[in-house]
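First up is the structure itself, then whatever we jot down about it.
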Amino acid sequence: MSRSLSNLVSMQSDQIIIERFQAGAEKEQHFTELVKRHQQKLYYQIKRIVIEHADADDIAQIVWMKVWEKLEGFKMESEFSTWLFRIGYNETINFIQKRKKLAIVHPLESLDTSNQEASTSNGPKSSQIQIKLDQAIMQLPEKQRFVFMLRYFEELPYEKIAQITETSVGGAKANFHQALKKMQEIIQSD
Amino acid sequence: MNMSKHNNISSLDQEKREVQALFNEQIIAQFEKQVNSIPENYFEQFSENILTTIQEKKKPSLLIRLSKLSVAAAILFLVVGSYFIVTTYYISDATTIAIHEIPTVEIDSYVSNNEWMDDAEMQMEINHIGLNLDVDNSSKDSID
């Protein structure tokens, strides 16, 4: 691909790139452009939930494979990023549920904070709070965890969060506040 | 539009403050650092890796190719086997020739060789019924 064509593609909107992809011209090139544009946000969205890089990488690959398969039929009724994050959300939930069925416990879920030694420069107290934060996040139901991450770290409006998690705006708000309440309870439990 | 955006920002700020009251900012930053730690050049190579995976998926796997080959071999074996069985056992046993292909001499010879069988069968039938053909003949003679 020439440099000028590459620059031209990168200036286009997602919609134009998708239309070109659907027209069948240089599919790989347009798909690569979409991946480059959105891979980081998708990856971090997944990684905040599963924590481990290997897991996040596996899920991200599955998501992009699905995008490749389904992009032909994407009707652009919603933003591409919303559609992409919704696939990411569904695949992450599937991954967590499969892991639960196989009874694989995430390392953070099985940590005992009372026996943790201080390992950071912040001292024992902050280290324990750090572990507590990780644990609290891991103990949240998947949907609440997702909503919390999308709201706090991605700073997405509730309308978009509702579309991604296939719930109502009110439901998304309720999920965020329930997550906050639950984390508070976990933190104050000791 | 602007109003709703403003409301969203103010509610987001409020929510962020609630979270930061629970976990201090440093702890949250630590969590983000943990999330942001990725292998070197991960994103640079990711799109290439995805395209490679897609290309590989397009090609049928070795297992599928082998299974297709084995199905084809099985069908070929069945066809050849059936042909062999039919030609060996059925066609050879059921060899037939048309009547006009048999020489007349052979037919005559067959008939003459088997004529006595017809006579014997007729005699057996007569005996079975219990007919006395000689008596009947003598009565006819007496009338004359």
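Coordinate-derived values only; no laboratory data. Here the structure is a predicted model, which is why all the values come from computation and not from measurement. A quick note on method: Cβ atoms are made from the backbone with ideal geometry, for glycine too, and the neighbour counts reach across all protein chains shown.
What FRET efficiency do you get for B:Gln123 and B:Tyr83 if R0 is 45 Å and r is their Cβ-Cβ distance, rounded to the nearest 0.05? Write out the running numbers ahead of the final one.
On the way: r = 51 Å, r/R0 = 1.13.
Using R0 = 45 Å, I get an efficiency of 0.35.
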**Report entry** Table column - 3J(HN,Hα) (Hz), segment A:131-146, Karplus curve with 6.51, -1.76, 1.60, x for Gly and Pro
**Finding:** 5, 4, 4, 4, 5, 4, 5, 5, 7, 6, x, 3, 5, 5, 4, 4
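Quick check on the exposure proxy: order A:Arg20, A:Arg151, A:Arg99 from fewest to most C-beta atoms within 10 angstrom.
A:Arg99, A:Arg20, A:Arg151
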Query raised in the report: Using the Karplus equation 6.51 cos²θ - 1.76 cosθ + 1.60 (θ = phi - 60°), what ³J(HN,Hα) coupling, rounded to whole Hz, does each residue of segment B:75-85 give in order, writing x for Gly and Pro?
Result: 5, 4, 4, 4, 5, 5, x, 4, 4, 4, 5
Query raised in the report: Per 10 Å bin, what is the whole-percent P(r) computed from every C-alpha pair distance within segment A:11-82?
Result: 19, 50, 26, 5
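Between B:Asn24 and A:Met76, what FRET efficiency follows from the Cβ-Cβ distance if R0 is 45 Å, with the result rounded to 0.05?
Details: r = 43 Å, r/R0 = 0.95.
About 0.60, to the nearest 0.05.
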Query raised in the report: How large is ³J(HN,Hα) for each residue in segment B:18-35, as worked out from phi by the Karplus curve 6.51 cos²θ - 1.76 cosθ + 1.60 (θ = phi - 60°), to whole Hz, x for Gly and Pro?
Result: 5, 5, 5, 6, 7, 10, 5, 4, 4, 5, 5, 4, 5, 4, 5, 4, 4, 5
Report task. May I ask you to sort A:Phe21, A:Phe146 by Cβ crowding, counting other Cβ atoms within 10 Å and putting the fewest first? Result -> A:Phe21, A:Phe146
